[in-house]
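Engineer: Please find one structure pasted underneath; my questions will follow.
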């Protein structure tokens with residue numbers, strides 16, 4: 001192992017196969033197996049055809065090596081026929097084999113992960129720990145070859161070793177220990193890598209798993225290479241290379257050639273280093289430019305088309321089998337179908353009529369509610385106007401007359417009486433004007449909404465310690481009288497609530513207008529509250545008046561408040577409802 005991280009992607013890609021649980025192919029000639037499959041499909045024995053396809057795949061695997069398009073094609077065909085007969089175990093076993101095969105090619109990583117995870121989900125539900133462990137190992141191999149090794153991967157592999165020990169799966173334990181050796185090699189932790197490679201080697205020799213023996217020798221060589229023991233590394237590499245040639249593992253032969261070239265270069269044997277570099281290049285070209293590799297990359301795209309063709313064929317056969325029975329049943333079913341259709345049609349018509357009646361009734365109720373709300377609001381405004389006129393024309397005039405009388409006879413009054421009396425009369429006149437203005441603001445009917453609000457804020461600033469600010473953006477179009485009054489009342493109500501209940505130091509009113517809507521926000525820095533637990537929907541309160549008026553104008557109100565962080569009220573009103581001559 002050199003100073004740079006060890007690249008083992010191609011090595012493990014060529015070694016991860018579904019030898020796990022499947023076994024080697026028998027020695028029957030390919031032509032014989034193909035004839036058997038054709039005969040089984042002809043007689044609709046699809047389950048046996050699927051088993052024979054798997055056997056054919058492993059036969060190709062033994063003949064052409066651990067990465068060839070013939071094997072993957074056989075596995076895909078087997079998976080399709082397992083699916084046709086509903087054999088879930090066989091179907092997901094085939095997916096494991098396909099996932100392992102695809103893991104040998106970087107470009108097929110996503111497909112490999114998809115197939116393996118599908119199988120793992122099924123076997124987890126079925127409680128088949130043998131297959132669950134197999135899938136865990138396959139996924140760990142795929143992920144460590146395509147991503148940086150991390151603590152999660154190490155933890156998963158150690159857990160897989162533990163599960164293998166608990167369920168007495170010696171093959172899986174040897175394999176997962178080998179993957180731990182690979183991971184520690186990539187992390188440049190030679191002691192841990194050597195420990196797991198050596199323990200995996202012992203178990204692989206006991207089980208006579210030649211490909212795993214070869215791979216463990218390779219990792220032991222990487223450890224010695226990392227430590228600078230190039231001769232010892234070359235001995236391990238040579239042993240591994242001999243086993244790889246027998247196994248026809250082009251991937252590991254390529255990696256071994258590359259690392260042996262590095263060791264020879266470290267020893268100063270440049271001629272041998274050059275020769276092994278040429279071998280590494282040769283094996284790389286054989287793997288990535290061969291028709292086998294290209295064919296496998298295209299195979300997955302063709303797989304879905306073939307699956308659909310097989311399913312279509314099966315459906316056509318089933319349809320032909322049922323056609324005679326269907327013809328016999330058609331005559332008897334026609335009348336029943338017509339009757340059912342008539343009943344369904346009548347039922348739907350009845351439901352449609354009922355739904356329409358419900359919609360009409362709901363609309364009528366809504367109209368009545370709007371009329372009732374409008375009548376109530378109109379009554380409130382009329383009563384406010386009447387009281388404002390009475391205060392101005394009645395009490396206001398009387399107070400003015402009293403003040404004039406006092407001023408005319410002030411010389412006859414003692415000083416201790418005259419000054420307090422004048423003060424009381426001034427306060428009474430001011431209070432009368434304020435109440436009259438609140439009930440029917442003169443500025444609103446004379447100058448419009450914005451001047452009326454500016455006048456309101458100015459007057460409230462004079463009599464309250466709380467600072468009030470009014471900000472408006474955009475040009476507010478002329479609003480109809482009804483909308484102006486309602487919007488004024490809503491803002492007035494919100495300001496009164498902030499002054500009386502919020503204990504706020506600062507209240508800000510903002511108005512924004514665009515081509516579609518008028519937006520209003522009223523924010524204070526008062527004590528706030530928890531509207532999530534106590535939503536502002538109570539009736540008979542100022543908040544209820546705000547909600548009802550905004551709903552009447554077709555708008556929306558959003559309340560947001562937190563204890564100690566103040567209250568924010570956002571109002572959105574559609575402009576079309578505000579500038580029309582009348583609101584329906």
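Nothing in this text is a laboratory measurement; each read-out follows from the coordinates by a stated rule. Not measured: the values here are computed from a predicted model. All Cβ positions, even for glycine, are placed from backbone atoms using ideal geometry, and neighbour counts span all protein chains on display.
Engineer: So if each residue of separation counts as 0.36 nm, and I subtract the Cα-Cα distance between residue 562 and residue 106, what length gain in nm does that give?
Structural biologist: On the way: separation 456, 0.36 × 456 = 164.16 nm, distance 5.40 nm.
That works out to 158.8 nm of additional length.
Engineer: Quick check: residue separation of residue 275 and residue 358 times 0.36 nm, minus the Cα distance between them. What number comes out in nm?
Structural biologist: Gain on extension, residue 275 to residue 358, equals 21.0 nm.
Engineer: Run the numbers on the stretch 200-242 and let me know its relative contact order in percent, using alpha-carbon pairs under 8 Å that are six or more apart.
Structural biologist: Details: 37 pairs, mean separation 15.3, N = 43.
36 percent.
Engineer: Here's something else I'd like to know. Based only on other Cβ atoms within 10 Å, what is the fewest-to-most ordering of 485, 557?
Structural biologist: The most exposed by this proxy come first: 557, 485.
Engineer: Could the peptides 503-512, 270-279 be put in order, highest first, of the mean number of other beta-carbon atoms found within 10 Å of their residues?
Structural biologist: 503-512, 270-279
Engineer: Right, something else. May I ask what percent, to the nearest 5, of DSSP beta bridges between residues of the stretch 444-579 are antiparallel? Display every interim value, and only then the final one.
Structural biologist: Details: 21 of 28 bridges.
Just about 75 percent of them are antiparallel.
Engineer: Right, something else. Residue 326 to residue 344: extension gain in nm, 0.36 nm per residue of separation minus the Cα-Cα distance?
Structural biologist: Gain in length upon complete extension: 4.1 nm.
Engineer: Let me ask you something else. What FRET efficiency, computed as 1/(1 + (r/R0)^6) with R0 = 22 Å and r the Cβ-Cβ distance, is obtained for residue 471 and residue 387, rounded to the nearest 0.05? Please list the in-between numbers first.
Structural biologist: On the way: r = 32 Å, r/R0 = 1.44.
According to the calculation, E is roughly 0.10.
Engineer: Turning to a different aspect of this structure: If we count other beta carbons within 10 Å of each Cβ, what is the order of 323, 176, 561, 521, fewest first?
Structural biologist: By the 10 Å Cβ count, ascending, the order reads 323, 521, 561, 176.
Engineer: Pairs of alpha-carbon atoms within less than 8 angstrom and 6+ residues apart define the contacts here; what relative contact order does the stretch 444-579 have, in percent?
Structural biologist: 24
Engineer: How would you order 88-95, 52-59 from highest to lowest mean count of nearby Cβ atoms within 10 Å? Intermediate values should be presented prior to the final figure.
Structural biologist: On the way: 88-95: 21.2, 52-59: 24.1.
The densest-packed peptide leads the list: 52-59, 88-95.
Engineer: Let me ask something else about it. Using Cβ contacts closer than 10 Å as the measure, can you line up 240, 164 from fewest to most?
Structural biologist: 164, 240
Engineer: Could you order peptides 196-204, 38-46 by the average number of other Cβ atoms within 10 Å of their residues, highest first?
Structural biologist: Numbers: 196-204: 21.3, 38-46: 14.3.
Highest mean packing first, the order is 196-204, 38-46.
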